[in-house]
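Read through the structure below, which is laid out as structure tokens, and then see the notes.
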Amino acid sequence: MSSEIKRAKKGWSVPVSKMATNTFNPIRNIVDTMKLTPHPDKPMIALSIGDPTVFGNLPMPENCEVAVTEAVKKRSFNGYAPSIGYEDSRQAVADYVSTPTSRVDSKDVVLASGASGALDLCISCLADEGDNILIPRPGFSLYKTLAESLGIEVRQYDLLPEKSWEIDLDHLESLIDSNTRAVIVCNPSNPCGSVYSREHLLEILQTMERKRVPIIADEIYEHFVFSGQTYYSMASLSENVPVLACGGLTKRYLVPGWRMGWIVINDRNDALVEVRGGLLKLSQRLLGPNTLVQAALPSILANTPESFYRETLEYIENNANVFYQHLSQVPGLKPVMPQGAMYMMVGLDMKHFPEFKSDVDLTERLVTEQSVFCLPAACFQYPNYFRVVLTVPTEKVSEACERMAAFCREHYKPINGINGKPDLTSKVNGLNGHCADEICVGK
Ligand SMILES: Cc1ncc(COP(=O)(O)O)c(C=O)c1O
């Protein structure tokens with residue numbers, strides 16, 4: 001019996017809340033409606049999943065396992081912790097994130113269920129229904145999901161692929177009004193793999209200081225940068241702008257399922273006195289993350305060997321190079337070389353693929369014909385791109401690139417110029433992180 005018939009029979013339908021109705025995950029909304037039927041003769045290669053553990057090729061550091069096992073054996077972490085987390089665990093985070101220009105201690109740290117929980121606390125602490133927050137486009141879709149479920153408007157500021165995904169600051173500034181409560185800056189970025197320079201971060205801070213808007217810094221990929229790049233936390237550069245920095249174990253320690261995240265309150269000029277109280281109150285709704293991982297945190301943060309970080313990054317950077325070298329030779333594709341995190345965005349010159357309506361359409365067919373699944377960037381409100389993850393086993397990267405190249409060769413249609421002129425934009429450029437034509441801007 002269908003649920004409608006059952007309901008009609010009973011004459012009783014329980015209404016759902018406004019918050020649940022307004023909760024919307026753009027990735028699920030797109031991916032769940034795609035027809036993802038892989039080619040029967042080719043094993044599927046999923047380049048879509050931002051979980052670095054799925055292929056089993058990137059193990060977590062051994063000391064993480066030891067630290068949690070010891071916490072279990074001690075049998076003293078089975079009760080409730082303070083809602084913002086154990087003092088020792090918060091102090092460990094404070095020691096881990098402090099820099100000479102941004103010193104914090106345990107009172108400035110709130111532990112949460114992953115960076116998602118941290119972002120949720122920050123957004124709900126800063127904004128009310130009818131207010132707005134600014135988020136990047138392309139950007140991690142959870143910002144929109146969390147804000148809109150609370151009736152908070154999101155305004156998307158543009159990132160510029162031709163400038164290695166720096167923020168279009170004029171655009172960002174034009175979106176700010178008296179109801180703007182925060183701007184979220186994601187650095188290093190999902191989905192772009194960008195890492196902002198010191199100068200660019202200072203420019204962002206200057207803008208926010210002028211407009212008096214606090215920053216929620218999504219730094220879940222902190223320190224996750226490739227060779228030649230330097231990571232600066234937003235707080236380390238902020239003199240006057242208050243920064244709520246969200247981080248966690250998820251990506252750097254390769255344990256997303258452990259759900260350990262944190263907010264670091266980087267106050268400036270006591271601007272966040274009320275917000276501190278608000279975060280404490282909100283933390284009391286769920287009483288903090290798992291106590292065993294909290295107990296293991298000081299040891300994890302202090303004892304993970306440098307070699308673990310280095311080897312993980314070398315692996316991912318090597319994959320980025322393999323992807324970039326292969327895909328920049330493929331007609332119609334324009335990869336943007338990342339500088340960190342675990343992702344690469346690849347531009348699609350859609351005018352050369354006229355049989356596909358969109359990036360969603362094209363990536364769907366790539367699954368059907370070649371069993372390779374790339375996430376269409378429509379999921380990040382950014383059409384004409386797709387995102388690949390860089391945590392895949394390297395042999396699968398090469399295989400995936402070959403299949404993507406075969407697919408593009410099959411479907412690519414050359415264009416013999418518009419108005420009789422040669423079409424210069426159709427040539428694949430080899431510029432590192434730069435796209436030469438309007439398609440790459442994705443508008
Ligand atoms: C940019 C960004 N922020 C936050 C998160 C959420 O992290 P967590 O799994 O710790 O909740 C992710 C996860 O993929 C992410 O990519």
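The values are calculated or read from the model by the stated rules, or taken from the named source; none is laboratory data. Computed from a predicted structure; not experimentally measured. Ideal geometry is used to build each Cβ from the backbone, glycine not excepted, and the neighbour counts take in all protein chains shown. Note: areas computed on protein heavy atoms with side chains; ligands, DNA, RNA excluded. Shrake-Rupley method; radii C 1.70, N 1.55, O 1.52, S 1.80 Å.
For the pair region 271-319 and region 51-100, the centres of their Cα atoms are 7 angstrom apart. At the residue level, E129 shows approximately 120 square angstrom of accessible surface with a 1.4 angstrom probe and all protein chains present.
A 1.4 Å probe, protein heavy atoms only, puts the accessible area of E311 near 110 Å².
Separation of the alpha carbons by more than 30 angstrom is noted, of K10/K35; K163/K357; K9/K144; K211/K351; K144/K396; K42/K357, for K10/K35; K9/K144; K211/K351; K144/K396.
Return an integer: the convex hull volume of the alpha-carbon atoms of the chain, in Å³ per residue.
Spread over its residues, the Cα hull of the chain gives 187 Å³ apiece.
Net length available on complete extension from S76 to D88 is 2.9 nm, with 0.36 nm assigned per residue and the Cα-Cα distance removed. The charge dipole of region 62-303, taken about its Cα centre with unit charges on the Cβ of Lys, Arg, Asp and Glu (plus for the first two, minus for the last two), comes to roughly 740 debye. Along the axis of the charge dipole computed for region 237-382 (Cβ charges of +1 for Lys and Arg, -1 for Asp and Glu, origin at the Cα centre), the listed residues L237, Q284, L301 are led at the positive end by Q284.
Here region 62-303 exposes an accessible surface that is 47 percent carbon and sulfur, computed with a 1.4 Å probe and the other protein chains kept in place.
Along the axis of the charge dipole computed for region 12-134 (Cβ charges of +1 for Lys and Arg, -1 for Asp and Glu, origin at the Cα centre), the listed residues G56, N78, I133 are led at the positive end by G56. Taking every full run of DSSP H in the chain, the ones that stretch at least 30 Å from end to end by Cα along their long axis and average -1.0 or higher on the Kyte-Doolittle scale are 306-327.
Taking the Cα centre of the chain as the origin, how large is its charge dipole in debye, to the nearest 20, when only Lys and Arg (+1) and Asp and Glu (-1) carry charge on their Cβ atoms?
Details: 43 positive and 52 negative charges, 262 e Å.
Dipole about the Cα centre, nearest 20: 1260 debye.
Across region 183-192, computed HN-Hα scalar couplings (Karplus, 6.51 cos²θ - 1.76 cosθ + 1.60, θ = phi - 60°) run 10, 9, 10, 10, 8, x, 9, 9, x, 8 Hz from first to last residue, x flagging Gly and Pro. For the chain, set up a GNM with springs between Cα atoms under 10 Å and report which of R285, R137, R103 has the largest fluctuation. Among R285, R137, R103, the largest GNM mean-square fluctuation belongs to R285. Summing charges over neighbours of V109, with a neighbour being any other residue whose Cβ is under 15 Å away from its Cβ, gives -4 when K and R count +1 and D and E count -1. Per residue, region 48-97 exposes an accessible area of 58 Å² to a 1.4 Å probe, with every protein chain left in place.
Subtracting the Cα-Cα distance from 0.36 nm times the residue separation, let me have the gained length for D32 to E395 in nm, one decimal.
On the way: separation 363, 0.36 × 363 = 130.68 nm, distance 2.79 nm.
Length gained, D32 through E395: 127.9 nm.
As a check on your grasp of the helix formula, calculate [θ] at 222 nm for the chain: sum -39500 (n - 2.57) over DSSP H runs of n ≥ 4, divide by the residue count, round to the nearest 500.
Values: 16 runs with 171 residues, N = 443.
Helix contribution divided over all residues of the chain: -11500 deg cm²/dmol.
Using heavy atoms of the protein chains and a probe of 1.4 Å, the accessible area assigned to E173 is about 50 Å². Give, to the nearest whole percent, the P(r) tail of region 62-303 beyond 31 angstrom, counting all Cα pairs. Tail of P(r) above 31 Å: 19 percent of Cα pairs. Of the residues L160, L333, ranked by 1.4 Å probe accessible area with the largest first, the sequence reads L160, L333.
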